Structure formats: structure tokens, C-alpha cells
1. Filter region 118-154 for residues that are hydroxyl-bearing (Ser, Thr, Tyr) and in contact with a strand residue (DSSP E or B) (Cβ under 9 Å, 6 or more places away or on another chain) and give the result.
2. Output the residues belonging to region 154-181 that are touching a Pro at 6+ places or on another chain (Cβ under 6 Å) and surrounded by fewer than 19 Cβ atoms within 10 Å (Cβ to Cβ).
3. So how many residues does region 40-50 have that are touching a strand residue (DSSP E or B) at 6+ places or on another chain (Cβ under 9 Å) and either surrounded by fewer than 20 Cβ atoms within 10 Å (Cβ to Cβ) or under 23 Å from residue 103 (Cα atoms) (or both)?
4. Quick check: anything in region 133-153 closer than 17 Å to residue 225 by Cα, touching a Gly at 6+ places or on another chain (Cβ under 9 Å) and surrounded by fewer than 22 Cβ atoms within 10 Å (Cβ to Cβ)?
5. Does region 8-39 hold any residues that are buried (at least 20 other Cβ atoms within 10 Å of the Cβ) and touching a Lys or Arg at 6+ places or on another chain (Cβ under 8 Å), and which are they?
6. Wholly within region 143-220, which strands (runs of 3 or more DSSP E) include no fewer than the required count, namely at least 1 residues that are over 19 Å from the mean Cα position of the chain (by Cα)?
7. Looking only at residues that are without any contact (Cβ under 8 Å) to a residue 24 or more places away in the chain and not polar (S, T, N, Q) in region 91-118, which one is surrounded by the most Cβ atoms within 10 Å (Cβ to Cβ)?
8. Is there any pair linking a residue in region 7-32 that is under 22 Å from residue 141 (Cβ atoms) to one that is in a strand (DSSP E or B) and of a type in the set (S, T, N, Q), with Cβ under 7 Å and at least six apart or on different chains, and which?
Amino acid sequence: TPPARRYQRVLLKLSGEVFGGGKIGVAPEVVRGIASQIADAVRDGVEVAIVIGGGNFFRGAQLQEQGMDRTRADYMGMLGTVMNCLALQDFLEKAGVDTRVQTAITMGQVAEPYIPRRAIRHLEKGRVVIFGAGAGMPFFSTDTVSAQRALEIGADAVLMSKSGVDGVYDSDPRTNPDARKLDSVTYDDALRHDLKVVDAAAFSLCKDNDLPMVVFGMEGEGNITRGLRGEAIGTLVHP
Ligand code: UDP
């Protein structure tokens, strides 16, 4: 049976694409809306750590297709995520929430370095911790990093928000009109059916370490707050 959705501490993954409002760069009004939803949950007492993607700036694999060296392109991708972190930090602070950004590539003038035990202290004090620069390593995705960070800081769940899809389906909803959204699914089934909403490395890290994941769409009104509060939205993926 799926575990209850009751969270003291969560790791929220936000897609970078959404931050750009469909374009390259940052759309401040979009980020403001996301920040205010997160602030609502923080005021309820949920400890929130965040990983943000960088798809609104660069994706390493795409730059590689256009002729760039993959590892250098991946570093560009990681640097892009940091700009999203700073934008979210700004709007969270404006919403009255204390924040710290920690990056996996050190840049002391801009953010703290990633220090897991320090991140945990920030969370205990009610600060939101935003993790930037992915894992600091090429060939990783921010989905995988979300699972890793969640495990290292002792989060109760990973909340994977997605844009354009509101959960895990039993087949691809873009090609199969009869695809059904699942309320819950085991990691084994999600991996077996190759349901690609979340990358397989993230699924298997969570599976091996008994960490539940909620996959949900960030577009609906208040969805991020609802996810953080443990309401039954999206799909619960569990061991
Ligand atoms: N990236 C990386 N290592 C990491 C995390 C990210 O190399 O640990 C790079 C990779 O090139 C990726 C880009 O950063 O394409 C942006 O991250 P991602 O594609 O996961 O962002 P999202 O799709 O969630 O916006």
C-alpha cells in the first residue's frame, strides 16, 4: 500500500522551462507566483528544499546536437540553473521567506557552497534552501540530483513538479488518447513500463532507498502549495 503523504521536510523539484515562461531567460511574474505558493507552505511549517532545472537556458544534450562538446555544454546547463535559483531566492525573500542558495560548483560571491549539514540547519530554522548547479557533474540531470539531495538531507519525499504533464500515466498520453493517469504506482512498475516522465536514475535512487516521490503538474492553481502540504495530487510513486 502507498505510504501516507505527511511531510515534515520535502525536496521540491521545479522545472527550469517554466521559469522562462516558454522563452529563454526568466519571466519574473511566473517566478513570483511560484514563490508565493512556496511561501504559503513554509508558513504552514513545512521544511522546503528546492532543486531547479535549467531548461530555460541551456540543455547540455541539445547543445551537443548542435556541435558543442557535451561536458562543456553540461557545465553551461548547470550555470543556467544558478540564475533560476537567484530569481526564486529574490521572490521568496520578497514574500517574507528566509532563504539560502547552495551551489554544487562554488561561487562564493553569489551563494554558499553545498554543505549538507549546513543545509539541514537552515531548514530547521525555517529557511528555504535552494540547491543550484545540479550535482556539479556533467551527464547528470536535475531530476537525479533531486533524489540525491532529498536522501542526503533526510527529506520525507521528493515532489517532482512537471510542466505539461500532471502525473504518471499507464502509457504515453501524447500518443494514446486512452492513457490513464495513475493515483499511485510502484517504482518497479514505473521503471518496467518505461514511463519517461522522470528519468530512470532518479526513480532507481528513490526505489533503492525507500523514498516516496510525487509526480504532479505545476500549472494548476495552487498546485505547488497543495503538493507541499501533502494533498493527494498527481501520482504517488512508492517502493
Ligand atoms: N546538468 C548537468 N549535471 C547536473 C544537472 C544538470 O550537467 O547535475 C546540466 C545538463 O546539461 C542539463 C542542464 O544542466 O541539461 C539543465 O538541467 P535539466 O535539463 O535537468 O533542467 P530541466 O529540464 O529540469 O529544466
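Computed from the coordinates by the stated procedures, all read-outs in this text should not be read as laboratory data. Predicted, not measured: the structure shown is a model, and the values here were computed from it. Methodologically, a virtual Cβ is constructed for each residue, glycine included, from the backbone with ideal geometry; neighbour enumeration extends over all protein chains shown.
1. Matches in region 118-154: 142, 146.
2. 179
3. 6
4. No: zero hits.
5. 11, 15, 35
6. Counting at least 1 such residues, we get 184-186.
7. This residue is 114.
8. 12/161; 13/161; 14/161; 15/161
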